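Novice: Take this structure, written in structure tokens, and hold onto it; I'll ask about it next.
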């Protein structure tokens, strides 16, 4: 994907740009607001990664202007410690996701890729598939190789999110946010426990595990895309 | 010191008061003087007029000789009479009396008679003249000393009175000001000591409940509060320093160990991972501290929205259910449906999570209830652990406070959970109360106003 990074801290910018480039993305970095706005408004990018505090035009105002100019490129906000309370403001300004610093690179990568997919995905889909696994969103039913699988509501939400991001890594934080609506790590094994139950229910003898654990990053459903 | 007294507010007030009071005394005495003085003079004149009238009653039926003889007789025999007479005919010749001839003029007159006094000195007289029908002139006069004496008495009294007022006023002002100055000086001295850092100092009071005592009382109460706050801050920063030093030290050891041991790539990887986990713990502590500070500053109020409390409590309990079940201590819930408050969902989740985590970790088995009273929603988290001594109820809310050494960093987290929970509850218009249950275990209640 083509990613525009608007970040004034040179170290963070290099860390993010290197990390994204190493994972096959084309990154252009800008260190101040007005130039960032011009670059973003050109529409040449798939994702914008915007620091909340950039010189001359701060991140919020920049995104608000972009949205006013009908530039709908997905925006991931980065924010320094202590600005967590501005998450709501960030989303209101037109941001699509919000990542507080310091963050682990896999987290950023997973979120950027999820944002890119979300933008391309049609929301009208009613059936999600991965290999022989099928989820019918209207009938709220799941089946593997034609055999129905009974899931608890939470497990269903978990699997739905994995299916929507099939082939890509989703992090524990992303799961906590979307499935449990928690924006902090509660120090429990809730994700692991649900994941293990889900794996048990999806298991089919003599076939490969559907859900892979990616060490230090998160989980992936199906083979890498 | 003297110059300072003169500059004090109390002295200036007393001086101003003295001037105003002295002026009013002067005005009152002046009016009295004017009235009395006039009255005495009028009385004097009336007496003289009577004498003149008696002398000239039957004139000109009586001959001038009779008036002259009456005058001579009075002069010779009446020691209580006016004492000074003049009787002239129409041509200005003196017929009788002991006053020198003068131009006739009717009515009252003041004159000075050189050498008329008993000691041969000058004497001041008050006279009453009358011009008779044929142009003759009669003047009766008396020593006006009684009038002058009274006047002098008045003036002297006024002078002394004003002087006394001034002396008392200024003196009183000095005394009062010195007293006030002494108390203010004492306060100033102590304030300087406090400014130099000795916060244990308190302003002196007299115990008379006067305005100074009330002022020093309020200031002392303020100092108590400031001292407590500072003590809290000092405690927290010491705790922070202490609590961060340990994980930072471990982090350093791990990095150093990795550097010294020339191990395999896999060993390096493990060391780096451990170091990262340690760094993450540190960041977690910082996050929690910042969150407390933010919540206390109230900056998150902007994030307030309608929150489905029933769903929120249910979700959070559910999050802990898996690990609780693993230990065979499933969390029991009794959550009334459809309860909603205005607040910050993220923060409220965190507060509830912290309390449930404590209950699961320390209290063996947790029980979560969401109920309502007419005024409040109550989230009760009960456990079956040993509870905590009542004396610790307040202290456990302090950041980094740990109940016992065994609840160390490994099992007990950073000791910030309850601090965050209470701060959150308070900014969301509620509070947290702790109680030991009679059947054993601790009960934490978050009460949120409807």
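Novice: Do you know which residues across segment B:320-346 are at the interface with chain A (Cβ under 9 Å from one of its Cβ atoms) and touching a residue at least 12 places away in the same chain (Cβ under 8 Å)?
Specialist: Answer for segment B:320-346, where residues must be at the interface with chain A (Cβ under 9 Å from one of its Cβ atoms) and touching a residue at least 12 places away in the same chain (Cβ under 8 Å): B:320, B:323, B:324, B:344, B:345, B:346.
Novice: Condition first: over 25 Å from residue B:427 (Cβ atoms), in contact with a strand residue (DSSP E or B) (Cβ under 9 Å, 6 or more places away or on another chain) and buried (at least 18 other Cβ atoms within 10 Å of the Cβ). Can you find one or more residues in segment B:334-343 that meet it?
Specialist: Within segment B:334-343, not a single residue is over 25 Å from residue B:427 (Cβ atoms), in contact with a strand residue (DSSP E or B) (Cβ under 9 Å, 6 or more places away or on another chain) and buried (at least 18 other Cβ atoms within 10 Å of the Cβ).
Novice: Let me ask something additional. Among the candidates B:99, B:95, which residue alone is more than 12 Å from residue B:129 (Cα to Cα), in contact (Cβ under 8 Å) with a residue 24 or more places away in the chain, part of a loop (DSSP other than H, G, I, E, B) and in contact with a strand residue (DSSP E or B) (Cβ under 6 Å, 6 or more places away or on another chain)?
Specialist: Matching residue, one of B:99, B:95: B:99.
Novice: Is it the case, given these coordinates, that residue B:293 is surrounded by fewer than 18 Cβ atoms within 10 Å (Cβ to Cβ), at the interface with chain A (Cβ under 10 Å from one of its Cβ atoms) and within 21 Å of residue B:449 (Cα to Cα)?
Specialist: It is false that residue B:293 is surrounded by fewer than 18 Cβ atoms within 10 Å (Cβ to Cβ), at the interface with chain A (Cβ under 10 Å from one of its Cβ atoms) and within 21 Å of residue B:449 (Cα to Cα).
Novice: Next up: Within segment B:270-290, take every residue that is at the interface with chain A (Cβ under 10 Å from one of its Cβ atoms) and more than 52 Å from the chain's Cα centre (by Cα) and give me the one that is nearest to residue B:419 (Cα to Cα).
Specialist: B:280
Novice: Another one. Kindly provide the set of residues from segment A:116-138 that are within 20 Å of residue A:211 (Cβ to Cβ) and in contact with a strand residue (DSSP E or B) (Cβ under 6 Å, 6 or more places away or on another chain), ordered by number.
Specialist: Scanning segment A:116-138 gives A:127, A:128, A:130, A:132, A:133, A:134, A:135, A:136.
Novice: Quick one: would you say residue B:252 is at pLDDT 85 or above, under 27 Å from residue B:401 (Cα atoms) and assigned by TED's automatic domain parsing to the domain that holds residue B:277?
Specialist: Here the answer is yes, as residue B:252 does meet what is asked.
Novice: Here is a follow-up. Considering (1) out of contact with any strand residue (DSSP E or B) (no Cβ under 6 Å at 6 or more places or on another chain); (2) without any contact (Cβ under 8 Å) to a residue 24 or more places away in the chain; (3) buried (at least 16 other Cβ atoms within 10 Å of the Cβ), say which one residue A:105 fails and leave the rest.
Specialist: Residue A:105 satisfies all of (1) out of contact with any strand residue (DSSP E or B) (no Cβ under 6 Å at 6 or more places or on another chain); (2) without any contact (Cβ under 8 Å) to a residue 24 or more places away in the chain; (3) buried (at least 16 other Cβ atoms within 10 Å of the Cβ) except (2).
Novice: Report whether or not residue A:94 is in contact with a helix residue (DSSP H, G or I) (Cβ under 6 Å, 6 or more places away or on another chain), modelled with pLDDT under 85 and surrounded by fewer than 21 Cβ atoms within 10 Å (Cβ to Cβ).
Specialist: no
Novice: Being more than 12 Å from chain A (Cβ to nearest Cβ), part of a helix (DSSP H, G or I) and surrounded by 18 or more Cβ atoms within 10 Å (Cβ to Cβ): is that true of residue B:255 here?
Specialist: It is false that residue B:255 is more than 12 Å from chain A (Cβ to nearest Cβ), part of a helix (DSSP H, G or I) and surrounded by 18 or more Cβ atoms within 10 Å (Cβ to Cβ).
Novice: Here's a follow-up. Check residue B:144 against each of (1) over 60 Å from the mean Cα position of the chain (by Cα); (2) modelled with pLDDT of 85 or more and name the one condition it does not meet.
Specialist: Failed condition: (2).
Novice: Kindly establish whether residue B:15 is part of a helix (DSSP H, G or I) and either surrounded by 12 or more Cβ atoms within 10 Å (Cβ to Cβ) or modelled with pLDDT under 85 (or both).
Specialist: yes
Novice: Restricting the search to segment B:48-60, which residues are at pLDDT 85 or above and either under 10 Å from residue B:141 (Cα atoms) or in contact with a strand residue (DSSP E or B) (Cβ under 7 Å, 6 or more places away or on another chain) (or both)?
Specialist: Those that are at pLDDT 85 or above and either under 10 Å from residue B:141 (Cα atoms) or in contact with a strand residue (DSSP E or B) (Cβ under 7 Å, 6 or more places away or on another chain) (or both): B:48, B:49, B:51, B:52.
Novice: Here are some residues: A:217, A:145, A:166. Which one is more than 10 Å from every other protein chain (Cβ to nearest Cβ), touching a residue at least 60 places away in the same chain (Cβ under 8 Å) and in contact with a strand residue (DSSP E or B) (Cβ under 9 Å, 6 or more places away or on another chain)? Walk me through it before giving the result.
Specialist: Details: A:145 fails: touching a residue at least 60 places away in the same chain (Cβ under 8 Å); A:166 fails: touching a residue at least 60 places away in the same chain (Cβ under 8 Å).
Going through A:217, A:145, A:166 in turn, the sole match is A:217.
Novice: Specify which of the listed residues (B:129, B:205, B:135, B:171) is in a helix (DSSP H, G or I) and surrounded by 11 or more Cβ atoms within 10 Å (Cβ to Cβ).
Specialist: B:171
Novice: Exactly one condition in (1) surrounded by fewer than 16 Cβ atoms within 10 Å (Cβ to Cβ); (2) over 22 Å from residue B:424 (Cβ atoms) is false for residue B:384; which is it?
Specialist: (1)
Novice: Among the strands (runs of 3 or more DSSP E) confined wholly to segment A:1-74, which include 1 or more residues that are within 18 Å of residue A:91 (Cα to Cα)?
Specialist: Hits in segment A:1-74: A:2-6, A:47-51.
Novice: Just the residues that are surrounded by 12 or more Cβ atoms within 10 Å (Cβ to Cβ), out of contact with any helix residue (DSSP H, G or I) (no Cβ under 6 Å at 6 or more places or on another chain) and not in a helix (DSSP H, G or I), please, taken from segment B:61-83.
Specialist: The answer is B:62, B:83.
Novice: Mind listing whichever residues of segment A:135-151 are surrounded by 12 or more Cβ atoms within 10 Å (Cβ to Cβ) and modelled with pLDDT under 90?
Specialist: A:137 - this is the single residue of segment A:135-151 that is surrounded by 12 or more Cβ atoms within 10 Å (Cβ to Cβ) and modelled with pLDDT under 90.
Novice: Given the options A:154, A:111, A:204, name the one that is touching a residue at least 40 places away in the same chain (Cβ under 8 Å), part of a helix (DSSP H, G or I) and outside the structural domain of residue A:22 (by TED's automatic domain parsing).
Specialist: Of the residues listed, the single one that is touching a residue at least 40 places away in the same chain (Cβ under 8 Å), part of a helix (DSSP H, G or I) and outside the structural domain of residue A:22 (by TED's automatic domain parsing) is A:154.
Novice: May I pose another question? Would you check which residues across segment A:183-193 are at the interface with chain B (Cβ under 7 Å from one of its Cβ atoms), assigned to a helix (DSSP H, G or I) and within 21 Å of the chain's Cα centre (by Cα) and list them?
Specialist: Residue satisfying the conditions is A:190 alone.
Novice: Looking at (1) over 60 Å from the mean Cα position of the chain (by Cα); (2) not in a loop (DSSP other than H, G, I, E, B), which is the one condition that is false for residue B:33?
Specialist: So the condition that residue B:33 fails would be (1).
The values are calculated or read from the model by the stated rules, or taken from the named source; none is laboratory data. Note that the coordinates shown come from a computational prediction; the quantities given were computed from them, not determined experimentally. Using ideal geometry, Cβ is built from the backbone for each residue, glycine included, and neighbour counts are taken over all protein chains shown.
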